[in-house]
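Structure first, commentary second.
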Amino acid sequence: MKAIILAAGLGTRLKKITDNKPKALIEINGKTMLETVIQNLKNQGVYNFLINIHHLGQSIIDYLTENNNFGVNISISDERQLLLDTGGAILNAQKFISGNEPILVHNVDIISNINIQNLVASHKNDNSIATLCVRKRNSQRALLFNNSMHLIGWCNLGTNEFRWSTTPHKEFEMYAFSGIYIIEPEFIDHITLKGKFSIIDAWLEIVKNNTYSPVRTGIISGYIDKSEIWHDLGTIEKINIAKQTSR
């Protein structure tokens, strides 16, 4: 299985640390975020990676070289000239995504013990073009699903903004995105957005246009993750919590 690790973020919420270090190389109990994700996925059978870089990107390249890529195959998607956001990064990885197997996409600042094989099994069972890993947790931003766990919208509870794939729904399930998802290679063929854009915009656009291969019946589905360990390392406070709970 192949995996894309999104590591190009600016880390603006970690400004004191990321002025001189990319977020991917911040250490949690002696191990960088990037190593943690690579080793976790490697232990679950993933050996082919693409990692996108932007802020202080050369230091990530040097770090991987110094550690012999942690024993896996790694390609670099270089966004140092232009940060493409979470959607543009996927479009830019089209060559890596091509093939006939699903691709895992994993944010570098997420630590979890999710069972990837269970996620893949759910993805294949639903016959989805994409499966989004979600959790029931407090978050102002959430993905909205119907009772079949098919994506129908997105919301920001802080601003009371709701975006629907088609018409507004009165009944829906609300889950927070976990920073992990799976796509089929043909997923990228249905993205019409260009340049820099959010992957959420692409998800909603694809559902709205309903441009799926005839063999796909699951559309974009949600997988409810109930694993014991899950940390978003986007702020200093959250990093400190992860340090205390993952020793």
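Data overview
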{"item": "Neighbours by Cβ (under 8 Å, 6+ apart or cross-chain): first from the stretch 139-156, closer than 11 Å to I200 by Cβ and touching a residue at least 40 places away in the same chain (Cβ under 8 Å); second of a type in the set (S, T, N, Q) and assigned to a strand (DSSP E or B)", "result": "L151/S221"}
{"item": "Count - residues of the stretch 51-74 that are more than 20 Å from the chain's Cα centre (by Cα) and aliphatic (A, V, I, L, M)", "result": "3"}
{"item": "Restricting the stretch 157-192 to residues that are touching a residue at least 40 places away in the same chain (Cβ under 8 Å) and of a type in the set (G, A, S), the residue that is farthest from Q94 (Cα to Cα)", "result": "A176"}
{"item": "Residues satisfying the stated conditions in the stretch 127-167, i.e. of a type in the set (V, I, T), in contact with a helix residue (DSSP H, G or I) (Cβ under 6 Å, 6 or more places away or on another chain) and at pLDDT 95 or above", "result": "T131"}
{"item": "Counted residues, the stretch 34-63 - those being under 24 Å from Q81 (Cα atoms), assigned to a helix (DSSP H, G or I) and touching a residue at least 24 places away in the same chain (Cβ under 8 Å)", "result": "5"}
{"item": "Total residues in the stretch 10-27, condition buried (at least 19 other Cβ atoms within 10 Å of the Cβ), in contact with a Leu (Cβ under 8 Å, 6 or more places away or on another chain) and not in a helix (DSSP H, G or I)", "result": "2"}
{"item": "Pairs with Cβ under 8 Å, 6+ apart, first in the stretch 104-127 and assigned to a helix (DSSP H, G or I), second of a type in the set (F, W, Y)", "result": "L119/Y223; S122/Y223; H123/Y223"}
{"item": "Any chance I5 is within 25 Å of K196 (Cα to Cα) and buried (at least 21 other Cβ atoms within 10 Å of the Cβ)", "result": "yes"}
{"item": "Unique match (being in contact with a helix residue (DSSP H, G or I) (Cβ under 8 Å, 6 or more places away or on another chain), free of Cβ contacts under 8 Å to residues at least 60 places away in the same chain and basic (K, R)) among K2, K15, K21", "result": "K21"}
{"item": "Flag for L6 being touching a Leu at 6+ places or on another chain (Cβ under 7 Å) and either at pLDDT 90 or above or within 14 Å of L64 (Cα to Cα) (or both)", "result": "no"}
{"item": "Given (1) touching a helix residue (DSSP H, G or I) at 6+ places or on another chain (Cβ under 6 Å); (2) crowded, with 20+ Cβ neighbours inside 10 Å; (3) not hydroxyl-bearing (S, T, Y), index of the condition N107 fails", "result": "(1)"}
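The values are calculated or read from the model by the stated rules, or taken from the named source; none is laboratory data. Just so it is clear, the structure is predicted and the values come from calculations on it, not from any experiment. With ideal geometry, Cβ positions are generated from the backbone for all residues, glycine too; neighbour counts draw on all protein chains shown.
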